[in-house]
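Enquirer: First the structure, then my questions, so here it is.
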Amino acid sequence: MSDDSHGRENVPSRQRRRFEGISSRAYEHPADRSALVALRKLSGFDTVFKALSGLLPERSLRLLFLSDSVRVSDQQFAHLNVMLRDACYILDLEKVPPMYVNQDPQPNAMCIGLDEPIIVVTTGLVELLDEEEMRAVVGHEVGHALSGHSVYRTILLFLTGLALRVAWIPLGNLAIMAIVTALREWFRKSELSADRAGLLVGQDLRASMRGLMKIAGGNHLHEMNVDAFLAQADEYEAGGDLRDSVLKILNVLPRSHPFTTVRAAELKKWAESRDYQRIMDGHYPRRDEDGDTSVTDSFRQSAASYASDVKNSKDPLMKLVSDIAGGAGDLGGRVRRGFGGFANGGGSPKDSRPEDEE
């Protein structure tokens with residue numbers, strides 16, 4: 001990049017690979033990738049969203065950040081500017097998106113915008129993370145920009161606000177909330193994609209893990225442990241009964257991001273996968289091949305990913321679904337045991353009949 005000399009001392013001395021011409025498909029979660037491939041293939045997609053941009057408050061947002069936040073540059077938050085340009089260099093994103101620091105004690109970052117992506121990070125996040133942890137976050141947001149997630153994030157923000165304004169119209173609100181719920185499910189998967197992009201930029205799994213732990217538990221790293229944090233994710237997935245499985249679903253539905261322990265576990269699993277190693281070895285899909293991507297193949301990969309998640313999940317509900325799909329018998333007994341015996345009329349698990357025990 002032309003400005004690599006600025007703040008060079010902030011760039012890690014260790015060698016990191018640059019992914020020239022990399023397609024975002026290389027790191028996208030299968031469910032995220034299938035949705036994006038389908039949208040990119042839609043005829044007139046760009047025209048529709050450019051028309052929609054007139055309805056969305058994008059210009060207002062740009063003016064707001066310009067007037068009431070600090071724009072990252074060589075003169076302001078120079079170390080973040082170096083990280084931003086470095087992340088764009090690593091992922092070969094030619095146009096560096098503008099980045100702003102917004103005064104907010106809540107650690108957060110986002111990439112929004114229809115015509116051009118804008119990256120916003122809060123002071124709470126900047127003050128919480130060290131340099132390598134922040135590098136992964138900046139890479140995460142640049143990954144959003146490269147994938148085109150900013151478009152759908154902006155629409156999600158708009159529709160969420162619209163749902164609040166039309167809450168008094170029963171059917172109208174239900175229709176919008178159905179779209180919002182679907183968008184949130186996609187966006188949670190897009191966050192997993194962006195976490196992978198952050199790892200590709202920082203190329204330091206420990207820093208990515210530390211950053212996620214700090215987002216969950218604050219600036220008390222000496223009090224936290226990566227293995228124990230990942231064990232929480234395993235306990236979260238496998239613990240409880242069917243009631244807990246239902247509560248997990250209800251808890252996650254309003255969220256645009258997966259739970260932090262889940263993100264950490266998913267990122268570690270991907271970092272240990274053959275797909276990640278192939279990318280690091282220089283074998284990855286290229287941007288100039290994106291037009292040849294099959295929508296059908298992408299949806300097939302997405303379906304296979306969901307099926308694999310269900311099959312390998314330790315969650316009680318997912319195990320039940322997998323057993324049903326596999327033709328397991330005694331469904332009624334499994335459900336009764338799963339709900340702790342409450343299906344038998346409010347008894348405790350000890351009240352279940354002997355024949356219901358495995």
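Enquirer: Do you know which residues across the range 121-145 are surrounded by fewer than 24 Cβ atoms within 10 Å (Cβ to Cβ) and farther than 16 Å from Ser208 by Cβ?
Expert: The answer is Thr122, Thr123, Gly124, Val126, Glu127.
Enquirer: Which residues, counting only those in the range 188-223, are buried (at least 19 other Cβ atoms within 10 Å of the Cβ) and over 29 Å from Gln15 (Cβ atoms)?
Expert: Arg188, Lys189, Ser190
Enquirer: What single numbered condition from (1) surrounded by 12 or more Cβ atoms within 10 Å (Cβ to Cβ); (2) within 26 Å of the chain's Cα centre (by Cα); (3) modelled with pLDDT of 90 or more fails to hold for Glu94?
Expert: (1)
Enquirer: Tell me which of these Phe299 doesn't satisfy, since it passes every other one: (1) crowded, with 17+ Cβ neighbours inside 10 Å; (2) modelled with pLDDT of 70 or more.
Expert: Single failed check for Phe299: (2).
Enquirer: Kindly indicate whether Ala167 is assigned to a helix (DSSP H, G or I), farther than 27 Å from Asp275 by Cα, more than 13 Å from the chain's Cα centre (by Cα) and modelled with pLDDT under 90.
Expert: So Ala167 fails the test.
Enquirer: Restricting the first residue to the range 121-140 and requiring it to be under 14 Å from Gly217 (Cα atoms), which pairs with a second residue that is charged (D, E, K, R) and not in a helix (DSSP H, G or I) meet a Cβ separation below 6 Å and a spacing of at least six or different chains?
Expert: Pairs that qualify, where the first residue is under 14 Å from Gly217 (Cα atoms) and the partner is charged (D, E, K, R) and not in a helix (DSSP H, G or I), are Gly124/Asp104.
Enquirer: Would you mind stating whether Leu159 is at pLDDT 70 or above and among the aliphatic types (A, V, I, L, M)?
Expert: Taking the combined requirement at face value, the residue does not satisfy it.
Enquirer: Among (1) under 14 Å from Gly143 (Cβ atoms); (2) under 21 Å from the mean Cα position of the chain (by Cα), where does Tyr89 come up short?
Expert: (2)
One line per residue, one yes/no per condition, for (1) of a type outside the set (S, T, N, Q); (2) part of a helix (DSSP H, G or I); (3) modelled with pLDDT under 95:
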| position | (1), (2), (3) |
| --- | --- |
| Arg188 | yes, yes, yes |
| Leu192 | yes, yes, yes |
| Arg196 | yes, yes, no |
| Ala216 | yes, yes, yes |
| Ala231 | yes, yes, yes |
| Tyr236 | yes, yes, yes |
| Ser256 | no, no, yes |
| Arg278 | yes, yes, no |
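Enquirer: Next up: Which numbered condition trips up Met110, out of (1) touching a His at 6+ places or on another chain (Cβ under 9 Å); (2) over 21 Å from Arg153 (Cβ atoms)?
Expert: (2)
Enquirer: Given the conditions (1) polar (S, T, N, Q); (2) at pLDDT 95 or above; (3) crowded, with 21+ Cβ neighbours inside 10 Å, and given that Gln76 satisfies all but one, which numbered condition is not satisfied?
Expert: (3)
The values are calculated or read from the model by the stated rules, or taken from the named source; none is laboratory data. All values derive from a computational prediction rather than experimental measurement. Positions of Cβ are backbone-derived with ideal geometry, glycine not excepted, and every protein chain shown enters the neighbour counts.
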